[in-house]
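To keep things clear, I will list the structure first and then write my remarks on it.
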Amino acid sequence: MNEMMMNMSMTTVAGPVAKRHRMWMWYHTVIEETVLFETWTVYNLGMLFLACGLVILAGLLLEFIKYLRWVLRRKSGNRYAKHLSQTVFHFCQLLLAYLLMNVYMVYSVWIYFFKMKMDDGPPFMWMWFHTKIQDTVLFDTWNVTDVATLLWASGLIILTGIIVEGIKFLRWKIEVSKPAKPNSRYIDRLFSGPHFLQTVLFLLQIVLSYCLMLIFMTFSVWLGLAVLIGLTIGYLAFGSRE
């Protein structure tokens, strides 16, 4: 009887609360998420398509705000009015960027790019910086449990950080070496070869950057240092813009 009452109390019209509010610690394909707010739950294909559509729209809006800020910088006008407008756009850009970052942290493959038993529960999640070699990194099968797995994981993370900085440098080289013609139409610049290549590199940069962010959030001192070392070496090698 008590078990029945407990099951009733843990269930709503939308579905079991205990299942919907679990926090994942690795990439997964199970359609079972709580996104940003307690009331925004994704538990079937219809909700997934709606959530993915809203996330895609937020990403488009974020890039559009960046474009508006660029256009505003090139226009002449009252300096104080321009700065005020830039401040408002900056606030909107930060808000959308942080919301998208939190959406990314649900670890859903579907929401990113568009089996675990419930009784087992997720692995232990560290909530503070630690030096113990016991972490699950990005995927439930990538477990760091000894010095050997820590060393190769750190090496891979350092390499990823270097690649991220290399991609930034490559995007800058493309922008400098193949600038858009001053009088060309926006639609022509949008579908040009250099811009398409920039878009592909930007996608790769974002994916790798978010992976590094999630790795840092394991709160492992060793893995966090690997992220910092990789990005620092990458900046040393590719950071010069002169």
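Sort through LEU99, LEU60, LEU48, LEU95 and tell me the only one that's among the aliphatic types (A, V, I, L, M), at pLDDT 80 or above and surrounded by 15 or more Cβ atoms within 10 Å (Cβ to Cβ).
Details: LEU99 fails: at pLDDT 80 or above; LEU60 fails: surrounded by 15 or more Cβ atoms within 10 Å (Cβ to Cβ); LEU95 fails: surrounded by 15 or more Cβ atoms within 10 Å (Cβ to Cβ).
Result of the check over LEU99, LEU60, LEU48, LEU95: LEU48.
Looking at segment 195-217, can you tell me whether even one residue there is surrounded by 12 or more Cβ atoms within 10 Å (Cβ to Cβ), touching a Cys at 6+ places or on another chain (Cβ under 9 Å) and not hydroxyl-bearing (Ser, Thr, Tyr)?
Taking every residue of segment 195-217 in turn, none turns out to be surrounded by 12 or more Cβ atoms within 10 Å (Cβ to Cβ), touching a Cys at 6+ places or on another chain (Cβ under 9 Å) and not hydroxyl-bearing (Ser, Thr, Tyr).
Which members of segment 103-131 meet the condition of being surrounded by 11 or more Cβ atoms within 10 Å (Cβ to Cβ) and modelled with pLDDT of 70 or more?
Correct list: VAL103, TYR104, MET105, VAL106, TYR107, SER108, VAL109, HIS130.
Within segment 174-188, count every residue that is surrounded by 13 or more Cβ atoms within 10 Å (Cβ to Cβ) and either touching an Asp or Glu at 6+ places or on another chain (Cβ under 7 Å) or of a type in the set (D, E, K, R) (or both). Give the derivation first.
First, pick out the residues of segment 174-188 that are surrounded by 13 or more Cβ atoms within 10 Å (Cβ to Cβ): 174-175, 178, 180.
Going one step further and asking which of them are either touching an Asp or Glu at 6+ places or on another chain (Cβ under 7 Å) or of a type in the set (D, E, K, R) (or both), we end up with 175, 178.
Selection size over segment 174-188: 2.
Is one or more of the residues making up segment 224-232 touching a Phe, Trp or Tyr at 6+ places or on another chain (Cβ under 6 Å) and outside the structural domain of TYR67 (by TED's automatic domain parsing)?
The first filter runs over segment 224-232 and keeps only residues touching a Phe, Trp or Tyr at 6+ places or on another chain (Cβ under 6 Å), leaving 224, 227.
Now narrow it down to the ones that are outside the structural domain of TYR67 (by TED's automatic domain parsing): 224, 227.
Scanning segment 224-232, I find at least one residue that is touching a Phe, Trp or Tyr at 6+ places or on another chain (Cβ under 6 Å) and outside the structural domain of TYR67 (by TED's automatic domain parsing), so the answer is yes.
Those residues that are more than 21 Å from SER240 (Cβ to Cβ) and among the charged types (D, E, K, R), I need them from segment 169-199; list them, please. Talk me through it step by step, then tell me what you get.
Narrowing segment 169-199 to residues more than 21 Å from SER240 (Cβ to Cβ): 180-197, 199.
LYS181, ARG185, ASP188, ARG189, listed by residue number.
In the list LEU170, LEU151, LEU214, LEU156, which residue meets the criterion of being within 23 Å of TYR98 (Cα to Cα) and either part of a helix (DSSP H, G or I) or not β-branched (Val, Ile, Thr) (or both)? Before the answer, list the steps.
Numbers: LEU170 fails: within 23 Å of TYR98 (Cα to Cα); LEU151 fails: within 23 Å of TYR98 (Cα to Cα); LEU156 fails: within 23 Å of TYR98 (Cα to Cα).
Exactly one residue qualifies, and that residue is LEU214.
The values are calculated or read from the model by the stated rules, or taken from the named source; none is laboratory data. Fair warning: this is a prediction, and the values are worked out from it, not measured in the lab. Neighbour counts run over all protein chains shown; Cβ positions are idealised from the backbone, glycine included.
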